[in-house]
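For reference, the structure is listed below as structure tokens.
The values are calculated or read from the model by the stated rules, or taken from the named source; none is laboratory data. On a predicted model such as this, the values are computed, not experimentally measured, just so you know. Cβ sites come from the backbone with ideal geometry, for glycine too, and all protein chains shown count toward neighbours. Side chains are part of the model used for accessible areas, which takes the heavy atoms of the whole protein and leaves out ligands, DNA and RNA. Shrake-Rupley method; radii C 1.70, N 1.55, O 1.52, S 1.80 Å.
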Amino acid sequence: MITKEHLIELLKENEVFLEGDFTLSSGKKSNYYINMKKAITEPEILSTISKLITEKISGQNIDKVAGPALGAVPIATAVSLDSKLPLLMIRKEKKGYGTSKLIEGELNQDDNVIVVEDVSTTGGSLLKAIKAIQDNGGNVVRAFVVVDRQEGAIEEFEKAGITLEPLITVNEFFD
């Protein structure tokens, strides 16, 4: 069985947590950085993340798995492959060419969707992706993040009426 402890060990072995001076996507300054882009390019880590999420949603009434570009797309793809659920990719903004879609993949009215993300700080980018799904007729039933930095994302999701479920928290990594 795949465990969260196994995931933490893999992240440590692959030096995913870096110390120094960093600016996060939220604009916040931090003395550490969680390099999930590095982590999700490692097959064993990606597979472990996928299996942990797939186990949590097994047997539930889920129609689609979604991830916002860029970091969550490999995670959503891996979960899609493991769970056999169709994939949705959420762009940061509509492109000005081709189909000009914000959501790639087929989202039907009232589809039950899970969303995944690599790291959450404030939760803003994932909440934006969730709003895109909701605005296009989907029901977001669960939201997962690989690592929660414990800087307010869970509380922001609660305000939006959605539970954010971290696979691990930053405190668990440093324990």
Given ASP175, ASP110, which one is at pLDDT 95 or above and open to solvent by 40 Å² or more (accessible area, probe 1.4 Å)? ASP110
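Each row is one residue, and each column tells you yes or no for (1) surrounded by 19 or more Cβ atoms within 10 Å (Cβ to Cβ); (2) closer than 18 Å to THR48 by Cβ.
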site	(1), (2)
PRO74	yes, yes
ARG91	no, no
VAL116	yes, yes
SER125	yes, no
GLN134	no, no
ASN139	no, no
PHE144	yes, yes
ALA160	no, no
Of all residues in region 144-161, which are within 14 Å of GLU117 (Cα to Cα) and touching a strand residue (DSSP E or B) at 6+ places or on another chain (Cβ under 6 Å)? PHE144, VAL145, VAL146, VAL147, ASP148, ALA153, ILE154, PHE157
Taking region 11-57 and keeping only residues that are of a type in the set (Gly, Ala, Ser) and loosely packed, with under 13 Cβ neighbours inside 10 Å, one is left with GLY20, SER25, GLY27
Confirm whether VAL140 is among the β-branched types (Val, Ile, Thr), modelled with pLDDT under 95 and over 11 Å from the mean Cα position of the chain (by Cα). no
When you check LYS84 against the structure, is it among the basic types (Lys, Arg), over 29 Å from SER30 (Cβ atoms) and open to solvent by 20 Å² or more (accessible area, probe 1.4 Å), yes or no? yes
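Looking only at region 163-170, decide whether some residue is hydroxyl-bearing (Ser, Thr, Tyr) and assigned to a helix (DSSP H, G or I).
So far as region 163-170 goes, no, none of its residues is hydroxyl-bearing (Ser, Thr, Tyr) and assigned to a helix (DSSP H, G or I).
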